[in-house]
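So the structure is just underneath, and the comments pick up after that.
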Amino acid sequence: MFGGDEENGSPPTDRELKKLAEAGVTVVHCPLTSLRYGMALRSFDRYRDAGITIALGTDSYPPDLIRGMDVGGNIAKVVDGRMEAGRAADYFRSATINASKSLGRCDIGKLAPGAQADLVVLDLKDFRLGVVDDPLRTLLMAGSARDVSMTVVAGRTVAADGMIPGLDLVSMRARAQELFERMRSAYTERDLHRRAPDALFPPIFPDAG
């Protein structure tokens, strides 16, 4: 189940939330994607308080859970009208232990004896982050996934200093851009009115230049 604005335009009732909790449903909450479509989970705290597991997800660019936690927390404050809504600690749990719980895994999503050595190392020394208060609060308010300096999976370093050993990221990006252009041009065939790609994806400033 993906967390977004409900199709009928109204939030779930308390009874409906209770049924979801009793069924062991996990809501995959993608705040960045939902916001781009003018939607919001209504609300993060209501689902959580009802006992529903909320896992933070991402299904579009940027695949940045750090931005997702920050944006989601801010949306929750607007939706609920409370500064206390969408607490950073709850969103952090959604990105870690709740996600592992939804997969039926107890060996990931945390650093503990018996768990996989999965971790990311974040660098908070960048001048653009400003001064450091609580590390997580600083990261969510001023940082992004670009501040990850190392990623370790099952005790093995898979990325360091922004690079993945053994992969040519420059070539991969060029290939991805090529595939994207092909996909973009094919949207004409999917469009009811057979509009050209430039009409379907107009520039933000069409008269520029």
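Before moving on, here are some points about what is shown:
- In segment 67-81, the residues that are touching a strand residue (DSSP E or B) at 6+ places or on another chain (Cβ under 8 Å) and among the small types (Gly, Ala, Ser): Gly68, Gly72
- When segment 147-174 is filtered for residues that are touching a helix residue (DSSP H, G or I) at 6+ places or on another chain (Cβ under 9 Å) and in a helix (DSSP H, G or I), only Asp147 remains.
Each row is one residue, and each column tells you yes or no for (1) within 26 Å of Arg67 (Cβ to Cβ); (2) of a type in the set (Ser, Thr, Tyr).
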site	(1), (2)
Asp118	yes, no
Gly130	yes, no
Asp134	yes, no
Ala159	yes, no
Ser185	no, yes
Glu189	no, no
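- Tabulated pairs, segment 45-68, first among the hydroxyl-bearing types (Ser, Thr, Tyr), second open to solvent by 30 Å² or more (accessible area, probe 1.4 Å), C-beta under 7 angstrom, 6+ apart or interchain: Thr53/Thr26; Thr53/Asn98; Thr53/Lys101; Thr53/Ser102; Thr58/Leu65
Every residue, every condition in (1) surrounded by 12 or more Cβ atoms within 10 Å (Cβ to Cβ); (2) more than 22 Å from Ser144 (Cβ to Cβ), yes or no:
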residue	(1), (2)
Asp14	no, yes
Leu17	yes, yes
Tyr37	no, no
Pro62	yes, no
Asp70	yes, no
Gly81	no, yes
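- Filter result for the condition that a residue is β-branched (Val, Ile, Thr), in contact with a helix residue (DSSP H, G or I) (Cβ under 9 Å, 6 or more places away or on another chain) and assigned to a helix (DSSP H, G or I), over Ile66, Ile54: Ile66
The values are calculated or read from the model by the stated rules, or taken from the named source; none is laboratory data. Worth saying up front: this structure is predicted, and the values here are computed from it rather than measured. Positions of Cβ are backbone-derived with ideal geometry, glycine not excepted, and every protein chain shown enters the neighbour counts. All accessible areas refer to the heavy atoms of the entire protein, side chains included, with ligands and DNA or RNA removed. Shrake-Rupley method; radii C 1.70, N 1.55, O 1.52, S 1.80 Å.
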